[in-house]
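The values are calculated or read from the model by the stated rules, or taken from the named source; none is laboratory data. These numbers come from a predicted model, not from an experiment. We place every Cβ from the backbone using ideal geometry, glycine too, and count neighbours over all the protein chains shown.
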Amino acid sequence: MVTLSAPKCILVVDNNACIRKIIRTFLEGEVGLKVCGEAVDGYDAIEKAEQLKPDLIILELALPRMSGLAAAQTLKKMNPQTPIILFTLYHDAFPNSVTPAGFDAVVEKRGDISLLMNSVQGLLQAAVRLPVPMLASAP
């Protein structure tokens, strides 16, 4: 369970409103997690990520206008530290232990939704443990 002072901001990207609602309800049932935004396609995801600066992004692969793969690559260039979970029906396209560029985890939509929560919590906890970059001081 993620228990930090401020809730972790999660951006959910899926063109299906029902899926977005299910994910929101599921995530917000956990202490320390908040869905701070939703997007319906890759362009929308990039715009919302710029505005909201989420701690984690859940992204569908098959999106209108810009694929999840293209969006993930752009999102990683914008903020490489933000974990991105590929939450898709097309997980079979990626062999075991192969995560497509731009994604930190792949979770199957047809599986147990608790697998999504495990990935969310694991990636957020890993992000908390990352070392803080040292700033060079002036001589």
Within the set of pairs 6+ apart or on separate chains, which have a first residue in the stretch 111-139 that is within 30 Å of I22 (Cα to Cα), a second that is modelled with pLDDT under 85, and C-beta atoms under 6 Å apart?
Q121/V2; L124/V2
Are any residues in the stretch 20-39 over 14 Å from the mean Cα position of the chain (by Cα) and touching a residue at least 24 places away in the same chain (Cβ under 8 Å), and if so, which ones?
I22, F26, E30, V31, G32
Take the conditions out of contact with any strand residue (DSSP E or B) (no Cβ under 6 Å at 6 or more places or on another chain) and either farther than 19 Å from T88 by Cβ or outside any strand (DSSP E or B) (or both) and apply them to C9. Does it pass?
no
Only one of (1) under 12 Å from the mean Cα position of the chain (by Cα); (2) modelled with pLDDT of 95 or more does not apply to K48, and that is (1)
Give the stretch 40-61 a look and list any residue that's in a loop (DSSP other than H, G, I, E, B) and either buried (at least 20 other Cβ atoms within 10 Å of the Cβ) or free of Cβ contacts under 8 Å to residues at least 40 places away in the same chain (or both), or say none.
V40, D41, P54, D55, E60, L61
